[in-house]
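The values are calculated or read from the model by the stated rules, or taken from the named source; none is laboratory data. Note that the structure is predicted; figures quoted are calculated from it, not measured. FYI the Cβ positions are ideal-geometry reconstructions off the backbone, even for glycines, and counts take in every protein chain you see. Heavy atoms of the whole protein, side chains included, go into the accessibility calculation; ligands, DNA and RNA do not. Shrake-Rupley method; radii C 1.70, N 1.55, O 1.52, S 1.80 Å.
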Amino acid sequence: MAFIKIVKNKSYFARYQVQYRRRREGKTDYARRRKLVVQDKTKYAAHKYRLVVRFTNKDIIAQIIYSKIQGDFVMAAAYAHELTRFGLPVGHTNYSAGYATGLLLARRLLKKVGLDGKYQGNTEINGEDYKVTPLEDGPRPFKAYLDVGLTRTSTGSRVFSVLKGATDGGLNIPHSVSRFVGYDSEAKKLDADVLRDHIFGEHVAEYMRELKKEDTASYESHFSQYIAKKISADSLEDLYKSAHEAIRKNPDAVKSTKQKPATQQKFTRSKLTRNQRVGAVKTKKSLHGIDA
C-alpha cells in the first residue's frame, strides 16, 4: 500500500471539531455513556437508571443515577466510609467492603422507593449467583445497569463486588457470573466458595496469617489499623456478618454534624493592583543593586 500523506490544510482546520472536554481529559467514554443513557422512545419519560461505581484510594462510591437533558440526577448514594457506623472501621477499599457498600446502596434505595419489604434480596450468602424474581401480583423489582466508567472489567475486579452486593440487596441488575472472583474461564464455571470467602474477607484473613508468620514487622506496618482496632484474622468473618445484619436493619444515611467554617478558606492568590506590582519590581531591583 502506498504511503498517503495527510495534509492538514485550511479546509481541514475549518472542519475540525473539538472533542468534548471530558473526552479530552480522558474522563468519559461517550460511546459507552450513550448506550447507558439513551432511552427507547416507546418508553417515553421512563428513567433509565445506572449503578455507578467508582473506586478511589481511600473510598468506594456507589450511586443510582438517571439522566435528563439538564444533566445527571443522583437518586441514592452509598460510600464505603459509612461502613464505620455498621461495625467496619477499617479496610474500606477491598472486595468485602465493595460488597457491603453495594448492599447498603440497594437497601437504602429500596427503602426510599417503598420496595424494601417486598424485595428482601438474598439473605443466605453462600457465593452462588442470585437474580431477583419479580412478584406475580406486585411491583416489578428496581432495575439498573452497571456503569464502571473507564475501569477495566477484568475477571475478579472489585467493581463487580459492588454489583454482587446490590443484587443480593434486591436490585435487578443484568449480569453474568463470568467477571466475579472465582470464575474459571476454562471450565466456564463459578467457584461459589471462593466468592463467598472474598465477601466475608477470608482472603484478607489468610494474608494476615501468612504475613504475621513470615514477617512480623511488615504485618504490623500493613495492618496497623487492624491491630489498633483489635481486629484479628479470626474475627473478620463475624465482623462482616454483623455489618450485613446492621445494614439490613437500618440502611438510612446519617446527616453530618460537622459545622460549616465561619470564614471560607481561600487557596487562590488575590489579584495585585498596579501600584503593588510596580512596588514588587522596585523591591526586586533594589535587592539586586539595580537602579530603578
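The table that follows gives values for the structure above.
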item: Selection count where residues are among the charged types (D, E, K, R) and open to solvent by less than 60 Å² (accessible area, probe 1.4 Å), scope segment 56-81; result: 1
item: Only listed residue being of a type in the set (Lys, Arg) and either in a helix (DSSP H, G or I) or at positive phi (or both), chosen from Lys258, Lys271, Lys241, Lys266; result: Lys241
item: Segment 228-255 - residue that is open to solvent by 80 Å² or more (accessible area, probe 1.4 Å) and over 29 Å from Gly121 (Cα atoms) and, of those, nearest to the chain's Cα centre (by Cα); result: Lys229
item: Residue identified as more than 13 Å from the chain's Cα centre (by Cα), within 25 Å of Lys230 (Cβ to Cβ) and among the aliphatic types (A, V, I, L, M) among Leu104, Leu83; result: Leu83
item: In segment 170-190, the residues that are in contact (Cβ under 8 Å) with a residue 60 or more places away in the chain, in a loop (DSSP other than H, G, I, E, B) and at negative phi; result: Leu171, Ile173, Val181
item: Subset of segment 244-255 [out of contact with any helix residue (DSSP H, G or I) (no Cβ under 8 Å at 6 or more places or on another chain) and either among the acidic types (Asp, Glu) or part of a helix (DSSP H, G or I) (or both)]; result: Glu245, Lys249
item: Residue under evaluation Gln39, criteria (1) at pLDDT 90 or above; (2) open to solvent by 60 Å² or more (accessible area, probe 1.4 Å); (3) assigned to a loop (DSSP other than H, G, I, E, B), criterion not met; result: (2)
item: Any hit, segment 280-288, residues being over 30 Å from Leu110 (Cβ atoms), surrounded by 11 or more Cβ atoms within 10 Å (Cβ to Cβ), charged (D, E, K, R) and out of contact with any Gly (no Cβ under 8 Å at 6 or more places or on another chain); result: yes
item: Filter result (free of Cβ contacts under 8 Å to residues at least 24 places away in the same chain and either part of a helix (DSSP H, G or I) or charged (D, E, K, R) (or both)) within segment 72-114; result: Asp72, Ala80, His81, Thr84
